[in-house]
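Just so you know, all these numbers are worked out from the coordinates, no wet-lab data involved. All values reported here derive from a predicted model rather than from experimental measurement. Note that each Cβ is placed from the backbone with ideal geometry, even for glycine, and that neighbours are counted across all protein chains shown.
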Amino acid sequence: MWYDLFVQNWDIFLLYLRPFLLLFVVYLVAKLVGWFLERLFDRLVALRIHIDPTLAAILRRIVIFIIYSVGIMEIIMEIPQLQSLAYSLFAGAGLIAIIVGYAGKDILSNILSGVVIALFQPFKINDNVLFRGDYGFVEDITLRHTVIRTRDNRRIIVPNSMITSEEITNYSAKDPTVKKFVDVGISYDSSIDMARDIMLDEAKKHPDILRHKTKKADHRPRVFVEQLADFSVVMRLEFWTEDEEAGYQIARALRESIKKRFDKAGIEIPFPYRTIVYKKQKRK
């Protein structure tokens with residue numbers, strides 16, 4: 001009995017099974033095409049053919065998006081009920097366009113911004129950037145959002161429409177070299193010349209600090225009196241490094257090594273202090 005019922009309703013069963021099979025095929029094709037494009041780009045890079053990783057990632061996602069869009073349209077046309085619904089939607093396209101446009105304006109804006117990022121490239125994958133006070137490197141750029149991984153391994157997910165409309169500092173654009181500073185305050189009784197010699201000597205110990213001079217730029221480390229503050233003479237060590245991350249790590253190491261050298265040389269890094277004067281109230 002069940003077999004006869006199954007045979008009699010085979011056409012109906014196949015009609016509703018076909019969309020699920022098509023959906024599986026679309027998913028499989030999208031995965032295979034994405035995998036193929038990723039391997040193709042990696043192969044081209046291995047052959048030393050310049051392939052921009054940002055453009056490659058956006059292109060791969062656009063192709064996958066087109067595959068899903070065409071597949072979903074094909075599935076809709078396979079189901080009579082959805083087909084009639086689609087015709088009804090097209091008949092009222094004006095109102096639907098307004099509703100869909102209002103509901104999906106943020107999604108469309110992010111997609112367009114992702115394409116703009118891929119074309120004009122204000123930043124690329126693996127670039128070191130500073131966004132809203134958070135420093136990190138661009139880990140991924142999708143059609144919807146950009147992923148920034150910070151120094152403490154957090155992932156900041158920023159919608160593309162937001163990141164293209166706000167100021168972002170790109171340390172990797174054109175020339176990644178950066179000037180860094182280390183400020184150290186010494187007491188007014190300490191020797192400025194001795195402090196300068198120690199700070200320069202510590203800077204010269206780091207091989208990653210640039211120390212060359214050209215007609216266009218002087219990248220040699222220097223020390224200046226930056227400020228005569230209330231409690232100290234602020235000495236500033238200025239040095240250049242290959243990129244922001246290297247400068248960050250070197251500055252941390254220099255603060256420790258300079259402090260140790262100052263202790264051995266008897267150069268005081270003073271604490272803030274206040275002079276309090278008590279006045280006796282005059283009696284009437």
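The table below lists the values:
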{"item": "At most 16 other Cβ within 10 Å, DSSP loop - GluC sites (Glu not before Pro), the range 155-204", "result": "GLU166, GLU167"}
{"item": "Surrounding net charge for GLU38, when Lys and Arg each add one and Asp and Glu each subtract one, Cβ distance under 12 Å", "result": "+4"}
{"item": "Net charge of neighbours whose Cβ lies under 11 Å from the Cβ of ARG220, counting Lys and Arg as +1 and Asp and Glu as -1", "result": "+2"}
{"item": "Fewest-first ranking of THR214, THR177, using other Cβ atoms within 10 Å as the exposure measure", "result": "THR214, THR177"}
{"item": "Whole-Hz ³J(HN,Hα) from phi, Karplus 6.51 cos²θ - 1.76 cosθ + 1.60, for the range 232-247, glycine and proline x", "result": "7, 9, 8, 9, 10, 8, 10, 8, 10, 9, 5, 7, 5, 5, 5, x"}
{"item": "Under-5 Å amide H pairs with GLY185, H placed in peptide plane, nonlocal only", "result": "MET235"}
{"item": "Proximal lysine pairs, the range 178-265, alpha carbons under 19 Å, eight or more residues apart or interchain", "result": "18"}
{"item": "Calculated log₁₀ intensity ratio I(q)/I(0) where the Debye formula runs over C-alpha points of the range 120-170, q = 0.18, 0.21 Å⁻¹", "result": "-0.46, -0.64"}
{"item": "D_trans [Stokes-Einstein, Kirkwood Rh over alpha-carbon pairs] for the range 178-265, 37 °C, 0.692 mPa s, µm² s⁻¹", "result": "246 µm²/s"}
{"item": "Total formal charge among the other residues, if their Cβ is under 11 angstrom from that of SER191, Lys/Arg +1 and Asp/Glu -1", "result": "-3"}
{"item": "Loop-resident sites, the range 175-240, for trypsin sites (Lys or Arg not before Pro), counting at most 11 other Cβ within 10 Å (DSSP)", "result": "LYS205, LYS215, LYS216"}
